[in-house]
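K.L.:
For reference, the structure I am asking about is given below.
The values are calculated or read from the model by the stated rules, or taken from the named source; none is laboratory data. Fair warning: this is a prediction, and the values are worked out from it, not measured in the lab. Because the Cβ atoms are built from the backbone with ideal geometry, glycine has one as well, and the counts that use them run over all protein chains shown. The accessibility values were calculated without ligands, DNA or RNA, using every heavy atom of the protein model including side chains. Shrake-Rupley method; radii C 1.70, N 1.55, O 1.52, S 1.80 Å.
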Amino acid sequence: MKKSILKLFLVGAFSTLALTSCSNNDDNGGEVTNPSGFVANPGDFKGQLKSGDKITLDASKTYYLTGALQVNEGATLTIPAGTKIIANGGTSSYIAVAQGGQIFSNGTSSKPVVFTSEKGTPGSWGGIVLCGKAPINKAKTATAEVSELTYGGDVATDNSGTITYTRIEYAGAIFNNKKEFNGLSLFGVGNGTKIEYVQLYAGSDDGIEFFGGTVNTKYIVSNENEDDQFDWTEGWVGTNEYWYGKEGRNKGNRGIEADNNDSNNNLTPFSNPIIKNVTLIGLGKDYVGEGENQAIKLRQGTKGQLENFVLANWAKGIDIEHDVTLGWTSKDLLVKNVQFINVNTESSGKTSAGAAVDVTKFYSKANNTGAGNGVDTPTWAKGWTVGL
């Protein structure tokens, strides 16, 4: 009996030693497995997580993102509820998850994870970039324009992690007039990734943009971003519900900008998302801005199934452009049950050669609640968002 107890004691001791050797607590208080030696320094948060690194931040600390943080293949970054990450530094300050890496940013409605900046101005830092292995139509694989990481492949179920109850503020740092970060950029991200209850607030470019992939989303708020609130291209085919987009700060373009591929509108897989229950609010039907005061722009060959939309305060509700896109209308490109409120022109169409086309037959109108509460803030968005 004593020998058995001794054996159990020795086994327990060696087990504890083994666990301690591969998992320890660094100075930030978070649990860490870091064979590469990476340390999450709250005052100087940057660097590269490499294969085998499993870093969990400490919600009681504030982390200052001072440069690029990259989560490489085989590494994971976990950000618990209530964690705050403050970034500045323009294009040099961002978080990028490479193919095979994972991020778990999981807040709650009362304690969201918040990515923000000290300046509190659009474009203060880069934003968050995920690069997955799901199909795109640009090529078999491509290089992300804002992180230079590879994305794309043939793994539709690829999993880049989970982002829930997370707010991304003041992102969108600009490289040049053709290249800038978004709040959340999803490059070839697979449908094993979970994106729900996420806000993109006051960025200098788009709130959220999909570059191909199969990722699905639900309960997304995108507001006061200076370009488009939602954007897709390169063959994205996700399924989505409950989007609330609202322009502000007297600056903004489209509610949705939707493309297939700008170099070849016929490239496959075609962009073909399913999107239901959406409210898009503009800056007013007389707002001029950059001449893109449109709730929904569908072009460059995109397909899509859009249902239960409220479009309010726009110069134009729905704009369809290019021959390939127009060819999908009434078949693979439909807007069903759309409500127009304070919109100058409901719809317009234009061929690739610039000729006007009547597109009124491709959509149907009906009163509906959009994202859940018409033009007003939906119940699901209250408590963890700002600027609404």
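K.L.:
Calculate the FRET efficiency for Val386 and Asp262 from the Cβ-Cβ distance with a Förster distance of 41 Å, rounded to the nearest 0.05.
P.N.:
0.80
K.L.:
At 7 Å along the Cα-to-beta-carbon direction for both Thr150 and Lys336, put a label point, then send me their distance in nm to one decimal.
P.N.:
Going by the 7 Å Cα→Cβ label model, 4.0 nm.
K.L.:
Keeping every protein chain present and rolling a 1.4 Å probe, give me the accessible area per residue for the chain in Å².
P.N.:
Value for the chain: 40 Å² per residue.
K.L.:
Picking from Thr121, Thr369, Ser60, whose Cα lies most toward the positive end of the charge dipole for the chain (charges on Cβ: Lys, Arg +1; Asp, Glu -1)?
P.N.:
Ser60
K.L.:
Under 1.5 on a/c is rounded, so check that first for the range 232-306, then, if it is not, pick prolate when a/b is larger than b/c and oblate when it is not; a ≥ b ≥ c are the square roots of the alpha carbon gyration tensor eigenvalues.
P.N.:
oblate
K.L.:
Now, a different point. Here is the link list: Lys133/Lys246; Lys140/Lys350; Lys119/Lys179. Which ones come out longer than 26 Å on Cα distance?
P.N.:
From the list (Lys133/Lys246; Lys140/Lys350; Lys119/Lys179), the Cα-Cα distance tops 26 Å for Lys133/Lys246; Lys140/Lys350.
K.L.:
For a test of the definition: using alpha carbon positions, the gyration tensor, and the 1.5 limit on a/c, classify the range 203-272 as rounded, prolate or oblate.
P.N.:
On the way: a/c = 3.06, a/b = 1.53, b/c = 2.00.
Oblate.
K.L.:
So what is the relative contact order for the range 229-388, in percent, with contacts set as C-alpha pairs under 8 Å and at least six apart?
P.N.:
21 percent.
K.L.:
Less than 12 Å apart at the alpha-carbon level, and either on another chain or at least 8 residues along: which aspartates and glutamates does that give for Lys218?
P.N.:
Glu196, Glu241
K.L.:
Same structure again: I need the peptides 331-340, 164-173 ranked by packing, meaning the mean over residues of other C-beta atoms within 10 angstrom, with the highest value on top.
P.N.:
So the order, starting with the most tightly packed, is 164-173, 331-340.
K.L.:
With each pseudo-label sitting 7 Å past Cα toward Cβ, what's the Lys140-Val357 distance in nm, one decimal?
P.N.:
Distance between label points: 3.4 nm.
K.L.:
Please enumerate, by chain and number, the lysines with C-alpha under 18 Å from the C-alpha of Lys365, excluding those fewer than 8 residues away in the same chain.
P.N.:
Lys276, Lys297, Lys316, Lys331, Lys336
K.L.:
Carbon-plus-sulfur fraction of the accessible area of the chain, 1.4 Å probe, in percent?
P.N.:
Carbon and sulfur together cover 48 percent of it.
K.L.:
Something else about it: What is the helix-to-structure angle for 2-22, meaning the angle in degrees between its Cα long axis and the longest Cα principal axis of the chain, kept from 0 to 90 and rounded to the nearest 10?
P.N.:
That helix lies at roughly 50 degrees to the long axis.
K.L.:
Also: What do you get for trypsin sites (Lys or Arg not before Pro) in the range 58-153 restricted to DSSP loop and a cutoff of at most 13 other Cβ within 10 Å of the site's Cβ?
P.N.:
Answer by residue number: Lys119, Lys140.
K.L.:
Tell me the label only: which of [x] 1.06; [y] 0.95; [z] 1.00 is Cα Rg over 2.2 N^0.38 Å as calculated from this structure?
P.N.:
This structure yields the entry labelled [x].
K.L.:
Highest first, please rank the peptides 313-325, 283-295, 69-81 by the mean number of other Cβ atoms sitting within 10 Å of their residues.
P.N.:
Listed from highest to lowest mean packing, they are 313-325, 69-81, 283-295.
K.L.:
Additional query: Using only DSSP helix segments of four residues or longer, with each worth -39500 (n - 2.57), what per-residue ellipticity at 222 nm results for the chain after dividing by its residue count and rounding to 500? Mind dumping the intermediate values first?
P.N.:
Working: 2 runs with 27 residues, N = 388.
For the chain, the value works out to -2000 deg cm²/dmol.
K.L.:
Determine, from the Cβ-Cβ distance of Thr369 and Asn344 and an R0 of 22 Å, the FRET efficiency 1/(1 + (r/R0)^6), rounded to the nearest 0.05.
P.N.:
0.40
K.L.:
Would you mind calculating the relative contact order of the range 301-371 from Cα pairs under 8 angstrom and at least 6 residues apart, reporting the percent as a whole number? Could the numbers behind the result be given before it?
P.N.:
Values: 151 pairs, mean separation 28.4, N = 71.
Value for the range 301-371: 40 percent.
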